[in-house]
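The values are calculated or read from the model by the stated rules, or taken from the named source; none is laboratory data. A quick note: this is a predicted structure, and the numbers were derived from the prediction, not measured. Here the Cβ positions follow ideal geometry from the backbone for every residue, glycine too, while neighbour counts run over all protein chains shown. Ligands, DNA and RNA are excluded from the accessible area calculation, which covers all protein heavy atoms including side chains. Shrake-Rupley method; radii C 1.70, N 1.55, O 1.52, S 1.80 Å.
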Amino acid sequence: MCASDEKTREGIAPTLPPPMQLFLMSEGVVVSTALSLAAELGIADLLANGPRSAEELAQTTSTHPRSLHRVLRLLSSVGVFTEVQPGRFALTSLGECLRTGVPGSMRSWLRMVGLKVWFHTYADALYSLRTGEPAFARSVGAEFFDYLASHPAEREIFNAAMSDFGQSVAAAVVEGYDFSAVDTVVDVGGGNGSFIGAILRANPRMTGILFDMPLVAESARTSLAAAGLAKRCDIAGGDFFTSIPAGGDAYVLRWIIHDWDHNRALTILRNCRSAMNGAGRLLLVETVIPAGDEPHPGKLVDFVMLTALGGQERTAEEYAQLLDEAGFHLKRIVPTASPMSVIEGMLK
């Protein structure tokens, strides 16, 4: 399992003068880009069995040795790798998270962060501040999910990132929320089935319904069968802006509502309400923005929502208002060991 590091309120390198702190903050895109390059090249996998020289790594990855050395030196300065001898690099506990397939792997996520469309979007971010509209569609020429639908290679990277990140979230949700009173769970926008699979494995008497766009839903059939869950989970294809399958007593939406603007989020939630036929619970797995200046991953993701998708992360009060407008009342918010919480809504 990858190690986690403590965050401080004092900013980056608090012993430096404020101008230098701001300088380091301003260069965050450099570190992000270097991480994406290391993830794309699979550097951590190549170092899994021990230190290697930049020359060896360059030969394996078809890169320029001196240039690769400079990137690895940068990432060593922020603790991802370590230069054990001049020009020879090894993994750190932080760098282990760049390996493929390890628990907590961030490799797919960092490959996604390196997609060129993000740089185009952020370069036009002032448009979002002036209009409240996502800059992504303006700079790329299509809404985010429409763009992915027509760019299969980038869609594959995005889906892998969501899958890897989702596994750690699923484990935290299953540990933190009691599903024992749920007989049938409906995973709305369930993707490849990893999330509902984790819930079903932890609750052997439960059955499930995975609902997503037809192509996506069908792709989940194979993964659920491989996990031995095919007989316990039905697959349903459709559009959650139109209708959602009935028959569940818990409707789970993991990182779905934050993708959409207010009106489309309401449409999804009201369709859930219609499917619930007067009973059941709504479970939104989302980040909940805390009050005050405390750092929180949701505040970073909220900028992505603003500029790329037109959605937003919300505070507890904002979720209560949204649920109320959709015909629910907020019963409670259950924190988990991940950045996500379970926002439990009941029918009014």
Filter pass, GLY248 being modelled with pLDDT of 95 or more, assigned to a loop (DSSP other than H, G, I, E, B) and either open to solvent by 10 Å² or more (accessible area, probe 1.4 Å) or in contact with a Gly (Cβ under 8 Å, 6 or more places away or on another chain) (or both): yes
Pairs where the first residue, in the range 199-220, is closer than 15 Å to ASP249 by Cβ and the second is at pLDDT below 95 and not in a strand (DSSP E or B), C-beta under 6 Å, 6+ apart: none
Count of residues meeting criterion [in a loop (DSSP other than H, G, I, E, B), surrounded by fewer than 20 Cβ atoms within 10 Å (Cβ to Cβ) and more than 21 Å from the chain's Cα centre (by Cα)] in the range 254-293: 6
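For SER93, are the conditions met, namely being within 26 Å of MET112 (Cβ to Cβ), surrounded by fewer than 17 Cβ atoms within 10 Å (Cβ to Cβ) and either of a type in the set (Ser, Thr, Tyr) or touching a Pro at 6+ places or on another chain (Cβ under 6 Å) (or both)?
yes
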Residues located in the range 96-116, provided they are touching a Ser or Thr at 6+ places or on another chain (Cβ under 8 Å) and either charged (D, E, K, R) or open to solvent by less than 70 Å² (accessible area, probe 1.4 Å) (or both): CYS97, LEU98, ARG99, GLY104, ARG107, SER108, LEU110, ARG111, VAL113, GLY114
Some residue of the range 83-98 being assigned to a helix (DSSP H, G or I) and either among the aliphatic types (A, V, I, L, M) or at pLDDT below 95 (or both): yes
All positions within the range 172-203 that are in a helix (DSSP H, G or I), crowded, with 23+ Cβ neighbours inside 10 Å and either of a type outside the set (A, V, I, L, M, F, W, C) or at positive phi (or both): GLY197
Every pair of residues 6+ apart whose Cβ atoms lie under 8 Å, when the first sits in the range 20-33 and is in contact (Cβ under 8 Å) with a residue 12 or more places away in the chain and among the hydroxyl-bearing types (Ser, Thr, Tyr) while the second is open to solvent by less than 60 Å² (accessible area, probe 1.4 Å) and assigned to a helix (DSSP H, G or I): SER32/VAL113
Test: residue in the range 222-243 that is modelled with pLDDT of 95 or more, open to solvent by 20 Å² or more (accessible area, probe 1.4 Å) and closer than 20 Å to GLU317 by Cβ: no
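Considering the range 42-67 alone, what residues qualify as being touching a residue at least 24 places away in the same chain (Cβ under 8 Å), assigned to a helix (DSSP H, G or I) and under 30 Å from the mean Cα position of the chain (by Cα)? So that I can check it myself, show each step before the final result.
Quick first cut of the range 42-67, residues touching a residue at least 24 places away in the same chain (Cβ under 8 Å) only: 42-45, 47-48, 50-55, 57.
Subsequent filtering for residues that are assigned to a helix (DSSP H, G or I) retains 43-45, 54-55, 57.
Across the range 42-67, the qualifying residues are ILE43, ALA44, ASP45, LEU57.
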Matching residues in the range 75-90 - criterion: being surrounded by fewer than 20 Cβ atoms within 10 Å (Cβ to Cβ) and either closer than 25 Å to ALA160 by Cβ or without any contact (Cβ under 8 Å) to a residue 40 or more places away in the chain (or both): SER76, SER77, VAL78, GLY79, THR82, GLU83, VAL84, GLN85, PRO86, GLY87, ARG88
